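Have a look at the structure below before the remarks.
Every number here is computed from the coordinates shown, using simple stated rules; none is lab data. Fair warning: this is a prediction, and the values are worked out from it, not measured in the lab. Neighbour counts run over all protein chains shown; Cβ positions are idealised from the backbone, glycine included.
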Amino acid sequence: MSDYNFAYLDEQTKRMIRRAILKGLAIPGYQVPFASREMPMPYGWGTGGVQVSAAVLTPDDTFKVIDQGADDTTNAVSIRRFFQKTAGVAITEATSKASVIQTRHRIPEENLRADQILVYQVPIPEPLRFLEPSEVETRKMHALEEYGLMHVKLYEDISQHGDIATAYAYPVKVEGRYVMDPSPIPKFDNPKLEMAGIQLFGAGREQRIYAIPPYTQVVSLDFDDYPFQPTKADHACDLCAAEDSYLDELIVDDEGGRMFMCSDTDYCANRRKQGHVGAQGVPYAEDQA
Amino acid sequence: MTPLLQVENIAKFYGARIGCTDVSFDLYPGEVMGIVGESGSGKSTLLNCLAGHLTPDRGAVRFDTRADGLRDTVTMSEPERRMLSRTDWAFVHQHARDGLRMNVSAGGNVGERLMAVNARHYGQIRDKAIDWLGRVEIGEDRIDDRPTAFSGGMQQRLQIARNLVTGPRLVFMDEPTGGLDVSVQARLLDLLRGLVREMNLSAIIVTHDLAVVRLLADRLMVMKDGHVIETGLTDQVLDDPQHAYTQLLVSSVLQV
Amino acid sequence: MYVAVKGGERAIDNAHAWLAEERRGDVAVPELSVAQIREQLALAVNRVMAEGSLYDPDLAALAIKQARGDLIEAIFLIRAYRTTLPRFGGSNPIETEDMTCDRRVSATFKDAPGGQILGPTFDYTHRLIDFKLAADGDVGTAPASTPSPIATPHIMSFLDREDLIQKEPAGADIPDDLTRTPLELPANRALRLQSLARGDEGFLLGLAYSTQRGYARNHAFVAELRIGAVAVEMDIPELGFAIEVGEITVTECETVNQFQGSKSQPPQFTRGYGLVFGMTERKAISMALVDRALRWKELGEDNVGAPAQDEEFVLYHSDNIQATGFLEHIKLPHYVDFQSELELIRKLRSEAQENINREVSE
């Protein structure tokens with residue numbers, strides 16, 4: 001523990017953030033403005049997610065942090081350490097054991113339960129931002145449900161490329177009302193946005209919090225004749241042979257050799273523990289030896 | 001018969017200066033009303049008040065809505081008014097770039113209004129865009145080009161297609177032929193006349209060009225210094241003007 | 001065979017250890033003290049206090065030392081520390097009229113009550129490298145005089161008396177605190193000024209300069225620039241009156257800008273305002289110019305589409321801590337998103353290739 005308050009933020013600030021979270025849960029997909037604090041890590045590095053985590057963590061929680069699906073990427077390590085130091089909560093790399101998971105760019109492969117909270121770090125919360133730069137105008141568009149422009153963008157993609165050319169941060173419509181940016185997760189993850197757990201999204205620099213309550217309808221925008229398709233590399237994981245998980249592509253030599261492995265490191269390790277071995281993998285026990 | 005639009009005592013002031021005042025008229029379905037006058041006469045202010053771009057200081061603009069019949073669009077909520085302007089209303093700007101998305105393809109420009117009212121089939125949207133580009137004499141092969149690559153006349157025709165694609169019940173036009181070369185104007189006018197007849201359009205057209213109203217308008221309103229000084233059937237007003245100012249206008253002594 | 005990469009934790013620890021070593025530099029060279037930075041790099045300290053929104057010269061000096069002289073990094077340290085500080089209340093507005101001026105110049109009048117005081121300025125120095133400073137920094141003492149007993153009224157008050165300058169009556173409302181309530185647009189002037197006061201000096205300088213070059217030109221004259229110490233007072237509810245809790249140095253800039261009026265309203269000059277912690281006159285003047293440019297709507301001027309007139313553009317991009325964080329975050333891993341882009345572009349390319357092949361064969 002340290003001289004700071006539990007989970008760094010003072011109780012007043014946490015209360016203010018919790019109010020924003022509750023409002024977000026009450027209006028799924030709506031971006032709630034909140035008075036984001038200056039955190040001891042840079043804006044754009046997860047300050048929104050960190051503030052949301054700080055507001056929901058209790059001393060009994062078990063916390064997991066992933067970045068790109070992995071627990072040991074530098075930013076994940078840094079955020080996990082921050083809460084170890086300021087909140088002293090238990091930490092884990094196992095998705096199933098965590099009660100709060102903070103993530104950047106991925107949704108864990110394993111289905112989350114009703115007693116779990118997933119906290120997303122969000123760089124640009126406004127799905128209409130790159131179509132309309134003015135905040136005043138985009139807030140009005142949300143209020144009046146004027147989303148035609150969003151489909152114009154998808155139309156332009158198809159007319160130019162023959163397909164919807166959005167691979168991540170793929171826009172969704174929540175509960176038939178608000179168009180929402182699911183944060184830069186690959187579109188492969190979009191179907192998982194309908195889940196049992198609570199999903200909270202924090203954008204620190206842009207001062208917005210939004211949420212998806214459990215079992216809320218989340219529809220990826222598309223056309224009837226160009227339906228949304230969650231895609232991944234057409235391979236199996238070279239370590240654990242999983243065919244249903246999102247894969248990272250690694251360049252392994254200077255002759256174009258490459259391998260594919262699960263981006264969700266916990267998922268991959270679990271499968272290997274269970275005895276699955278991929279094309280370039282070794283049995284789990286040997287690797288640990 | 002219920003008028004499509006019922007305008008009652010509209011007034012708009014800019015400080016002490018009169019934008020327009022005491023304007024009342026009814027527009028019936030299928031009718032085209034022309035509003036003429038020199039620049040500064042208040043005709044554009046009036047049009048913007050009617051179309052909901054400006055809030056008038058006085059008066060009512062009642063539109064015959066599909067659901068509830070005549071409703072005052074001045075006091076209606078902004079979401080309702082915006083809904084009208086992307087469904088039953090259309091607005092053709094003088095400068096095509098004000099009415100088009102210049103960084104979106106011609107097909108996307110025409111398709112936007114369809115998508116705004118929940119068209120979700122790419123193939124059908126595209127077919128409809130192709131059909132409408134054809135109607136305004138833009139080749140199908142230009143569908144994926146951006147308006148920046150179009151001539152001024154083509155841009156204006158694209159703007160008209162974009163506005164008419166959802167079959168609006170009322171079209172506002174602000175100097176639709178202004179800023180175009182004379183030969184281009186003639187072709188556009190011809191096209192507009194065809195569309196007005198074919199679609200039985202109801203429209204309000206503001207212009208300083210008497211040739212435009214002679215060709216398109218059933219009725220005419222002449223404005224000067226914010227006031228309506230003469231109204232009547234187009235031929236009547238143009239062939240037998242009563243007000244001295246209209247007489248000047250018609251005899252082209254006045255450079256307008 | 002492939003073994004997954006691990007070791008993020010150790011890499012971070014090692015990087016931080018190396019950073020600490022680099023910060024100290026060559027140990028044969030004596031270490032800088034915080035007091036040396038505070039006294040001898042005072043303008044850097046002032047900038048860190050101003051943009052860090054925390055008046056504490058020692059802490060700012062320490063932050064500069066810790067940040068290896070990277071001022072934006074130092075401002076970041078101060079901001080992060082500031083957030084954790086408890087708030088006891090708000091001070092009364094400072095009275096810059098009562099300032100003990102170290103510097104006070106007016107460009108609009110040759111002389112005025114209180115006089116022109118040049119103070120410790122770089123103005124009129126010839127920018128020649130002083131090699132003597134490399135050898136020894138000994139300086140003689142500057143001639144001193146006793147502070148003038150005459151009050152130094154604001155230059156604006158002379159114009160105000162004649163009704164020549166737009167009125168700026170004190171408002172009764174307590175403005176929102178930008179660091180406690182989310183910025184929502186359109187913002188009122190109090191909120192805009194707060195944002196500008198902590199905005200990046202370089203960004204505001206560029207914007208202000210752009211207004212001078214014609215992007216929303218508003219003909220600014222520096223009516224007055226004053227720098228000096230003012231008392232900070234606070235009402236103590238238990239006492240029932242205000243007591244002085246300290247003294248801070250601030251820079252205040254008031255500009256007289258192009259007049260406006262109409263047939264019914266006699267013409268009046270308009271104004272821009274800048275107030276910044278410490279001796280920070282470049283920033284204060286920039287702030288006044290940008291403040292004035294942002295007021296186009298309330299003054300009924302045209303929006304000429306200039307960046308300095310665009311409230312959203314200015315307020316959303318003036319904060320260097322937000323800017324640097326977001327800019328630098330693109331060096332974080334993005335391989336998951338990049339992977340999905342890779343797959344998409346491969347798919348689009350193969351479809352395009354199929355189309356070409358089909359056309360060739362037809």
task = Would you calculate the separation in nanometres between label points at C:Glu301 and C:Arg82, each defined as 7 Å from the Cα along the Cα-to-beta-carbon direction?
result = 2.8 nm
ask   = Rounded to the nearest 0.05, what FRET efficiency is calculated for C:Ser148 and C:Leu43 with R0 set to 22 Å and r the Cβ-Cβ distance?
value = 0.30
task = Could you give the C-alpha radius of gyration of chain B expressed as a fraction of 2.2 N^0.38 Å, taking N as the number of residues it contains?
result = 1.01
request  = Name the residues whose placed amide hydrogens come within less than 5 Å of the amide hydrogen of B:Leu180, ignoring near sequence neighbours (fewer than 5 apart) on the same chain.
outcome  = none
inquiry  = Of C:Leu207, C:Ile243, C:Leu159, which is farthest towards the positive pole of the stretch C:157-270's charge dipole, taken about the Cα centre with +1 and -1 on the beta-carbons of Lys, Arg and Asp, Glu respectively?
reply    = C:Leu207
message = Going by Cα centres, the stretch A:7-37 and the stretch A:168-239 are how many Å apart?
response = 21 Å
request  = Return the loop-located GluC sites (Glu not before Pro) in the stretch B:1-81 (DSSP other than H, G, I, E, B) with at most 16 other Cβ atoms within 10 Å of their own Cβ; answer none if there are none.
outcome  = B:Glu38
Angle in degrees between helix C:201-212 and the longest Cα principal axis of chain C, rounded to the nearest 10 = 70 degrees
remark   = Kirkwood calc, the stretch B:51-191, C-alpha pairs only, radius in angstrom 16.0 Å
Selection from A:Val174, A:Gly275, A:Gly69 lying farthest towards where the dipole of chain A points positive, charges on Cβ = A:Val174
inquiry  = Can you order the peptides A:240-247, A:151-158 by their average number of other Cβ atoms within 10 Å per residue, highest first?
reply    = A:151-158, A:240-247
ask   = Which ordering of B:Ser85, C:Ser195, B:Ser41 is given by a fewest-first count of other beta-carbon atoms within 10 Å?
value = B:Ser85, C:Ser195, B:Ser41
query = Rounded to the nearest 20 Debye, what is the dipole magnitude of the protein assembly as shown about its Cα centre when Lys and Arg each give +1 and Asp and Glu each give -1 at the C-beta?
reply = 820 debye
task = Give the shape of chain A as rounded, prolate or oblate, defined through the alpha-carbon gyration tensor: a ≥ b ≥ c are the square roots of its eigenvalues, a/c under 1.5 means rounded, and otherwise the shape is prolate if a/b is larger than b/c and oblate if not.
result = oblate
message = I'd like the mean, over residues of A:66-74, of how many other protein chain beta carbons sit within 10 Å of each residue's own Cβ.
response = 5
task = Net charge near C:Ser350: determine it from the other residues with C-beta under 13 Å of the C-beta of C:Ser350, scoring Lys and Arg +1 and Asp and Glu -1.
result = -1
note = Placing +1 on each Lys and Arg Cβ and -1 on each Asp and Glu Cβ in chain A, then taking the dipole about the Cα centre, the residue among A:Tyr215, A:Tyr4, A:Val152 whose Cα reaches farthest towards the positive end is A:Tyr4
ask   = When Lys and Arg each count +1 and Asp and Glu each count -1, what net charge do the other residues less than 12 Å away from B:Gly232, Cβ to Cβ, add up to?
value = -4
key: Separation of the A:Leu250 and A:Ser96 label points, Cα + 7 Å toward Cβ, nm   = 2.5 nm
inquiry  = Through the Karplus equation 6.51 cos²θ - 1.76 cosθ + 1.60, θ set to phi - 60°, convert the phi angles of the stretch B:93-100 into ³J(HN,Hα) values in whole Hz; use x for Gly and Pro.
reply    = 7, 4, 9, 4, 5, 6, x, 10
remark   = Taking Cα pairs closer than 8 Å and at least 6 residues apart, the relative contact order of the stretch C:160-273 in percent is 24 percent
ask   = How would you classify the stretch C:306-362 from its alpha-carbon gyration tensor, with a ≥ b ≥ c the square roots of the eigenvalues: rounded for a/c under 1.5, else prolate if a/b is greater than b/c, otherwise oblate?
value = oblate
key: Anchor B:Lys12: lysines whose Cα lies under 19 Å away (excluding residues fewer than 8 positions away in-chain)   = B:Lys43, B:Lys224
request  = Using the Karplus curve 6.51 cos²θ - 1.76 cosθ + 1.60 with θ = phi - 60°, work out ³J(HN,Hα) for each residue of the stretch A:167-175 in order, rounded to whole Hz, and write x for Gly and Pro.
outcome  = 9, 9, 6, 6, x, 10, 10, 9, 6
request  = Starting from the Cα of B:Ala211, step 7 Å toward the Cβ, then list every residue of the stretch B:20-38 with an amide N under 12 Å from that point.
outcome  = none
ask   = Relative contact order, percent, of the stretch A:159-289 when contacts are C-alpha pairs under 8 Å separated by at least 6 residues?
value = 18 percent
inquiry  = Stokes-Einstein diffusion coefficient for the stretch B:34-115 at 4 °C in a medium of 1.567 mPa s, Rh from the Kirkwood formula over Cα pairs: what value in µm²/s?
reply    = 89 µm²/s
ask   = Near the amide H of B:Gln94, under 5 Å away, which other amide H atoms are found, from residues 5 or more places off or on another chain, if H is placed in the peptide plane?
value = B:Asp174
key: Euclidean distance of C-alpha centroids, the stretch B:51-76 and the stretch B:132-197, integer Å   = 27 Å
ask   = To the nearest 10 degrees, how steep is helix C:335-361 against the longest Cα principal axis of chain C, on a 0 to 90 scale?
value = 60 degrees
key: Computed label-point distance, nm, for sites B:Thr75 and C:Val360 using a 7 Å Cα→Cβ extension   = 7.1 nm
inquiry  = List the residues, sorted by chain then number, that are 5 or more residues from B:Asp26 or on another chain and whose placed amide H is less than 5 Å from its amide H.
reply    = B:Val7
request  = Measure nothing fancy, just the Cα-based angle from helix C:8-24's long axis to the longest principal axis of chain C, in degrees from 0 to 90, nearest 10.
outcome  = 40 degrees
task = Pull out a ≥ b ≥ c, the square roots of the eigenvalues of the alpha-carbon gyration tensor of the protein assembly as shown, then state rounded if a/c is under 1.5, prolate if not and a/b is larger than b/c, and oblate in the remaining case.
result = oblate
message = Are there any trypsin sites (Lys or Arg not before Pro) in the stretch A:169-203 that are in a DSSP loop and have at most 15 other Cβ atoms within 10 Å? List them by number.
response = A:Arg177
message = Loop-only trypsin sites (Lys or Arg not before Pro) in the stretch C:283-362, please: DSSP not H, G, I, E or B, and at most 15 other Cβ atoms within 10 Å.
response = C:Lys297
query = So what is the relative contact order of the stretch C:44-174, in percent, for Cα pairs below 8 Å that sit 6 or more residues apart?
reply = 17 percent
message = Could you identify which residue out of A:Pro230, A:Pro186, A:Pro59 has the top mean-square fluctuation in a GNM of chain A using Cα springs shorter than 10 Å?
response = A:Pro59
request  = Work out the mean other chain Cβ neighbour count within 10 Å for the residues of A:230-238 and drop it here as an integer.
outcome  = 2
query = Can you put C:Thr255, A:Thr138 in order, fewest other beta carbons within 10 Å first?
reply = A:Thr138, C:Thr255
request  = Beta carbons within 10 angstrom, averaged per residue: use that to sort the peptides B:52-63, C:269-280, highest first.
outcome  = C:269-280, B:52-63
query = Where does chain B land at 222 nm, in deg cm²/dmol rounded to the nearest 500, when only DSSP H runs of n ≥ 4 count, each adding -39500 (n - 2.57), divided by all residues?
reply = -11000 deg cm²/dmol
Student exercise, the stretch A:146-251 dipole from Lys, Arg, Asp, Glu Cβ charges, in Debye to nearest 20 = 540 debye
key: Burial ordering of A:Phe130, A:Phe260, fewest other beta-carbon atoms within 10 Å first   = A:Phe130, A:Phe260
key: Per-residue HN-Hα couplings for the stretch C:298-306 [Karplus 6.51, -1.76, 1.60; θ = phi - 60°; Hz; x = Gly/Pro]   = 5, 8, x, 8, 6, 8, 8, x, 7
task = Report, in debye and to the nearest 20, how large the dipole of the stretch C:173-287 comes out about its Cα centre when Lys and Arg carry +1 and Asp and Glu carry -1 on their Cβ.
result = 900 debye
